[in-house]
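Accompanying notes for the structure given below.
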Number of protein chains: 2
Amino acid sequence: MEALQQRIIREGRILPGNIVKVDGFLNHRVDAQFLGEIADEIARLFDVTHVTKILTAEASGIPLATVCAYKFGVPMVFAKKAKSDNIEGGLYKSEIFSYTYKKKVTLICAQDWLSSDDKVLIVDDFMAKGAAMRGLIDIVKMSGAELVGIACAIEKGFQHGGDQLREEGYPLKSLAIIDQADENGFVFRQE
Amino acid sequence: MEALQQRIIREGRILPGNIVKVDGFLNHRVDAQFLGEIADEIARLFDVTHVTKILTAEASGIPLATVCAYKFGVPMVFAKKAKSDNIEGGLYKSEIFSYTYKKKVTLICAQDWLSSDDKVLIVDDFMAKGAAMRGLIDIVKMSGAELVGIACAIEKGFQHGGDQLREEGYPLKSLAIIDQADENGFVFRQE
């Protein structure tokens with residue numbers, strides 16, 4: 001998606017350790033109108049007419065998943081990252097290692113909100129090694145729902161989480177794949 | 001907001017300890033279209049034409065704040081609840097006690113995304129004792145921005161966090177105030 005690549009070049013920053021920051025429009029300050037454009041692109045890449053639920057993980061996936069749900073006219077479910085008192089039993093749980101927080105995190109989703117009747121589009125803002133994405137895939141499998149597709153806004157191609165998922169046959173499409181992010185700037189994978 | 005009260009009566013659940021669960025449409029499974037109706041009601045209650053930013057707290061405030069931002073045509077900023085490696089210095093920080101998680105939590109917001117030029121509408125999904133709301137108000141004060149209003153979807157009136165904020169003069173409006181939630185069901189405050 002050209003507009004997304006341009007936005008990354010214009011506003012993205014590269015921190016030591018090849019950390020890519022896009023928190024000016026994607027995951028801290030959020031440009032909701034631009035997320036609408038990303039959602040439109042997702043609707044071009046996947047057959048969203050059959051989707052019954054958008055699934056994402058808290059917290060930074062929620063804005064894009066919400067705009068997709070709003071535009072596609074389906075509910076959104078977000079997997080939570082810690083057990084709060086407001087979530088009782090009946091949970092799908094998937095333990096992942098969060099590279100952002102450098103610790104194990106359990107993604108949880110109430111069984112009430114995802115079932116074998118669902119056709120699920122996973123939506124997330126960002127993927128590096130793909131740990132959170134695998135947690136979401138696990139949850140879809142546990143629910144017995146059909147996985148229609150996996151849409152990711154920005155993939156760090158040089159960390160290969162996305163490549164591994166594609167090799168395993170998962171229907172993953174990322175709107176911008178960054179193959180290089182260093183002192184020389186961004187290099188995107190050609191489609 | 002009549003439609004919200006009806007939805008709470010129809011789908012809300014009351015757990016021991018007067019815990020109100022509305023995770024079927026508001027904060028786990030999210031009905032994005034219904035959030036659009038709530039956003040329209042918020043636009044009737046506040047003069048959103050002058051707002052430059054929507055502010056909320058992760059995670060459950062994000063869906064409603066995103067839909068408000070999308071509809072009102074302004075960016076949304078969400079305060080985060082933990083320091084990750086992707087957030088450097090230059091932060092507004094407000095320590096709050098989370099009753100949901102039964103521990104102290106620090107709300108953080110990058111100074112880059114909120115300044116004294118902003119006119120802020122705080123939006124949150126739920127308020128009990130108002131701890132998170134006070135954290136967001138703190139952040140607005142630290143930034144020097146103007147606080148245009150505070151919109152909350154569901155307020156637990158019997159925990160009085162909202163009443164205290166209103167007594168202190170804050171421009172808080174909640175779309176449904178639950179004054180009683182027990183074995184006899186829900187009782188809403190009349191407007």
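Counting the residues of segment A:115-130 that are open to solvent by less than 10 Å² (accessible area, probe 1.4 Å) and not in a strand (DSSP E or B) gives 1.
Considering the conditions (1) at pLDDT 95 or above; (2) touching a helix residue (DSSP H, G or I) at 6+ places or on another chain (Cβ under 9 Å), residue A:169 is excluded by exactly one of them, (2). Only helices (runs of 4 or more DSSP H) whose full extent lies in segment B:1-78 are considered here, and the ones with at least 3 residues that are more than 9 Å from chain A (Cβ to nearest Cβ) and open to solvent by 30 Å² or more (accessible area, probe 1.4 Å) are B:2-11, B:32-45.
Does residue A:132 count as of a type outside the set (D, E, K, R), within 18 Å of the chain's Cα centre (by Cα) and more than 19 Å from residue A:93 (Cα to Cα)? Reasoning before the result, please.
Values: of a type outside the set (D, E, K, R): yes; within 18 Å of the chain's Cα centre (by Cα): yes; more than 19 Å from residue A:93 (Cα to Cα): no.
No: the conditions fail for residue A:132.
Entry remark, segment B:93-112: residues being under 20 Å from residue A:23 (Cα atoms), touching a Gly at 6+ places or on another chain (Cβ under 7 Å) and hydrophobic (A, V, I, L, M, F, W, C) number 2 in total. Residue check: is residue A:112 open to solvent by 40 Å² or more (accessible area, probe 1.4 Å) and either touching a residue at least 12 places away in the same chain (Cβ under 8 Å) or in contact with a strand residue (DSSP E or B) (Cβ under 9 Å, 6 or more places away or on another chain) (or both)? Yes, satisfied.
The values are calculated or read from the model by the stated rules, or taken from the named source; none is laboratory data. This one's a predicted model, so the numbers in the text were calculated from it and none came from an experiment. A quick note on method: Cβ atoms are made from the backbone with ideal geometry, for glycine too, and the neighbour counts reach across all protein chains shown. The accessibility values were calculated without ligands, DNA or RNA, using every heavy atom of the protein model including side chains. Shrake-Rupley method; radii C 1.70, N 1.55, O 1.52, S 1.80 Å.
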